[in-house]
Amino acid sequence: MAIRDIITPDFIKNTYILGVDLTLDDGTPYPDEIFEQAIDSAINMIELELGITIDEFTVKGERHDARVEHRDSWWPFKLDHHPVKSIDNLRIELGNNRSAVLPTSWALLTSGQHGQVNVVATANEVGSFYFTSGVPLLFGDVFNPQAYVPGYFTLDYTAGFHFVDGVAVIPQGDTSVEVTLATPIEGVKPTVILTVQDAQGGAGARVRSSGTHSFTISVTTAPTTGDMTIAYTMHTVDPLLIKAIGLTAAISPLDIAGDLIAGAGIGSFSVGVDGLSQSIATTASATSAGYGARIISYQKQLKDTIEALKAKYRTINIFSV
């Protein structure tokens, strides 16, 4: 599952451009390429605007500097892509020399949402590595303290929001089941979509409670003729983020539809037969799209939505020398 499984051409048609005639002059429907291109552009635009990564993205060999003044703060740095799902590898390197692998548990993900990481060495895993008055040592007894080492910490990690598919089973006679997440989520209320595959007499399936490690599916009527199976899709994409992408993706198809309300390039027309006449005028003109009012409304909503999302996802980066 990915963001394009949530925001599809049908999703855009059935929500943000509902009621709009989406056919050409000959009656054929708009090709899905229009909506797919609009969705792709919207996702890329929102990712750049907020500085986030939505779909799962694996990063290899991202390097960060080490400064001696950061030693007492447990070597804090911010990863380039976030939110961060997991830290997969941690090592240290001097220039382009061969790296020394550190325990992955030393990489403390203090804020996955903002990609904030600290390096905290635990006593039971220090081994031949230890901290001195300089930066962490590379090779046991080699002592070479420095105030600044460029690209010293190297990390492999996985960024993006959580997307999980699965099947839950409520045993016959029971009214609930707890689904445990393989990878805990960080302080974000997940969205769970349920699809009953085999009811076996059960009914009213809903997610009654959720947390960072699990969620509970309950039914109002327990299954009576066997185990009830329910397919679920869970994701941690903020509903406001979905709204921002939907609003952005809807503008381009609306712009096209507005130009074709009365036919390509036509703002008004009239027909007269034997003294009877009929005139039709639309809001389309040489400088205004037919659905311009809706587009302006969406642009205003988008501005407010982006501001709210920036308050949640953007961070202020301060660099000092």
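Residues that are of a type in the set (Gly, Ala, Ser) number at least 3 in the following helices (runs of 4 or more DSSP H) confined to segment 1-81: 32-50. When the residues of segment 39-91 are narrowed to those that are on the phi > 0 side of the Ramachandran plot and outside the structural domain of ASP5 (by TED's automatic domain parsing), which ends up surrounded by the fewest Cβ atoms within 10 Å (Cβ to Cβ)? Filtering first and then ranking leaves GLY61. In segment 16-25, is there at least one residue being surrounded by 15 or more Cβ atoms within 10 Å (Cβ to Cβ), in the same structural domain as THR305 (by TED's automatic domain parsing) and within 22 Å of the chain's Cα centre (by Cα)? Checked segment 16-25: at least one residue is surrounded by 15 or more Cβ atoms within 10 Å (Cβ to Cβ), in the same structural domain as THR305 (by TED's automatic domain parsing) and within 22 Å of the chain's Cα centre (by Cα).
Residues of segment 207-217 that are at pLDDT 95 or above and either surrounded by fewer than 13 Cβ atoms within 10 Å (Cβ to Cβ) or more than 11 Å from TYR232 (Cβ to Cβ) (or both): THR216 alone.
If you go through segment 168-192 and keep only what is among the hydrophobic types (A, V, I, L, M, F, W, C) and either surrounded by 13 or more Cβ atoms within 10 Å (Cβ to Cβ) or not assigned by TED's automatic domain parsing to the domain that holds SER218 (or both), you end up with ALA168, VAL169, ILE170, VAL177, VAL179, LEU181, ILE185, VAL188, VAL192.
The values are calculated or read from the model by the stated rules, or taken from the named source; none is laboratory data. If you're wondering where the values come from, they're calculated on a predicted model, not measured in any experiment. FYI the Cβ positions are ideal-geometry reconstructions off the backbone, even for glycines, and counts take in every protein chain you see.
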